[in-house]
Amino acid sequence: MKATFTLIALGMAAVAAQAAGAAELRLAHWLPPQHTLQTTGFEPWIKSISDASGGKVTMTIFPAQQLGSATDHYDMARDGIADITFVNPGYQPGRFPIISAGELPFMVTNAKGGSKAFDSWYRAYAEKEMADVHVCMAFVQDPGTIHSRDAMRVPGDIKGKNIRPAQATMGSYVNLLGGASVQVPAPEAREVIARGAADAITFPWDSVYLFGIDAVTKHHIDMPLYTTTFVMAMNKASYEGLADDARKVIDDHCTSEWAEKISAGWADQEASGREKALSQKDHTVYKPTAEEMNAWKESAKPLTDKWHEQVKASGGDSEAIFSAFKSALAAEKALAE
């Protein structure tokens, strides 16, 4: 009998909380809990949401793939396994062709203005391309490069090598240059390099240290090769089920300004990794010559052509979409020359 009364009391409390507009949401991501994106991005964002809602909207973070694999986070939001998830669209090649413009080499110079521009641009396409979820915001990572076991300097050095790419477009680039891509999520990257299954990785600078990859890659190319795109995806039922005032708080925190804020600390942290590599005597940081940079950029052009083909095949006006992306980046001083 006592247990029955307890269950009734809990049920009444839940109904009362719902009536008061309260919401307890689960945010899932696949990074380590000490990652800068959690400490300087997610946690301040969650606190601001709680403060703005008067404590009615709260979130619990589930890091490190606790609720599912890194590759599954989009579907986890779709299926309600979590209310909000941190998604790398590039983990599912070909599924989201428009957003992959942010993965193209030598496009984005920095993650702060780049994230604000990327979010404002993608909003015009998110509802159609990611119709299964409510897209809260999109942002990019600080530009990454190639980190390898042995020295690499020019595109020809990729031929015959096994490379762990950061996202789908980098995987295509590796294949284009005659290498083989080794597809594993970031948390598993160190292991595949350590056991010789991969010779190199495309990764942002400080994440090399965070994931312990600096122990197995001692050579780095000093160039802003690519960025990786991310989305904060929300389960539609969770979003639509919020009380009007709670939904407004979420909307106020799902903006291009917040896309820049949430990624800023991470951008600074990633950039600092370059200085770490430069300071280590057993690491080599190679700065390509102007001629070598031209070779890298020229070698990447087929990827843009492929992007246009994929977007057109999905029914999009690729020229207009690409032009809008470049304009958004230029407005935030984040477009590569």
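The values are calculated or read from the model by the stated rules, or taken from the named source; none is laboratory data. A quick note: this is a predicted structure, and the numbers were derived from the prediction, not measured. We place every Cβ from the backbone using ideal geometry, glycine too, and count neighbours over all the protein chains shown. With ligands, DNA and RNA removed, areas are computed over all heavy atoms of the protein, side chains included. Shrake-Rupley method; radii C 1.70, N 1.55, O 1.52, S 1.80 Å.
Within segment 184-194, the set of residues being open to solvent by 20 Å² or more (accessible area, probe 1.4 Å) and under 18 Å from the mean Cα position of the chain (by Cα) comprises Val184, Pro187, Glu188.
Given the residues Ala334, Ala324, which is the only one that is in contact with a strand residue (DSSP E or B) (Cβ under 6 Å, 6 or more places away or on another chain) and surrounded by 13 or more Cβ atoms within 10 Å (Cβ to Cβ)? Lay out the reasoning, then the answer.
Details: Ala324 fails: in contact with a strand residue (DSSP E or B) (Cβ under 6 Å, 6 or more places away or on another chain).
It is Ala334.
Among the conditions (1) touching a residue at least 60 places away in the same chain (Cβ under 8 Å); (2) assigned to a loop (DSSP other than H, G, I, E, B); (3) among the aromatic types (Phe, Trp, Tyr), the only one that Phe96 does not satisfy is (1).
Do the conditions hold for His253, that is, is it touching an Asp or Glu at 6+ places or on another chain (Cβ under 9 Å), over 25 Å from His147 (Cβ atoms) and of a type outside the set (S, T, N, Q)? Against the criterion (touching an Asp or Glu at 6+ places or on another chain (Cβ under 9 Å), over 25 Å from His147 (Cβ atoms) and of a type outside the set (S, T, N, Q)), His253 does not qualify.
Residue-wise test of (1) out of contact with any Cys (no Cβ under 6 Å at 6 or more places or on another chain); (2) of a type in the set (Lys, Arg); (3) open to solvent by 10 Å² or more (accessible area, probe 1.4 Å).
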position	(1), (2), (3)
Arg95	yes, yes, yes
Ile99	yes, no, no
Ala111	yes, no, no
Gln141	yes, no, yes
Ile163	yes, no, no
Val182	yes, no, yes
Gly196	yes, no, yes
Asp199	yes, no, yes
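Filtered by the rule that a residue be in contact (Cβ under 8 Å) with a residue 40 or more places away in the chain and over 21 Å from Met232 (Cβ atoms), segment 138-157 gives Thr145, Ile146, His147, Ser148, Arg149, Asp150, Ala151, Met152, Arg153, Val154, Pro155.
I'd like the residue in segment 113-139 that is of a type in the set (Ser, Thr, Tyr) and open to solvent by 10 Å² or more (accessible area, probe 1.4 Å) and, out of all such residues, is nearest to the chain's Cα centre (by Cα). Within segment 113-139, the match that is nearest to the chain's Cα centre (by Cα) is Ser120. Among the candidates Lys301, Lys276, Lys281, Lys261, the residue that is outside any helix (DSSP H, G or I) and open to solvent by 40 Å² or more (accessible area, probe 1.4 Å) is uniquely Lys281.
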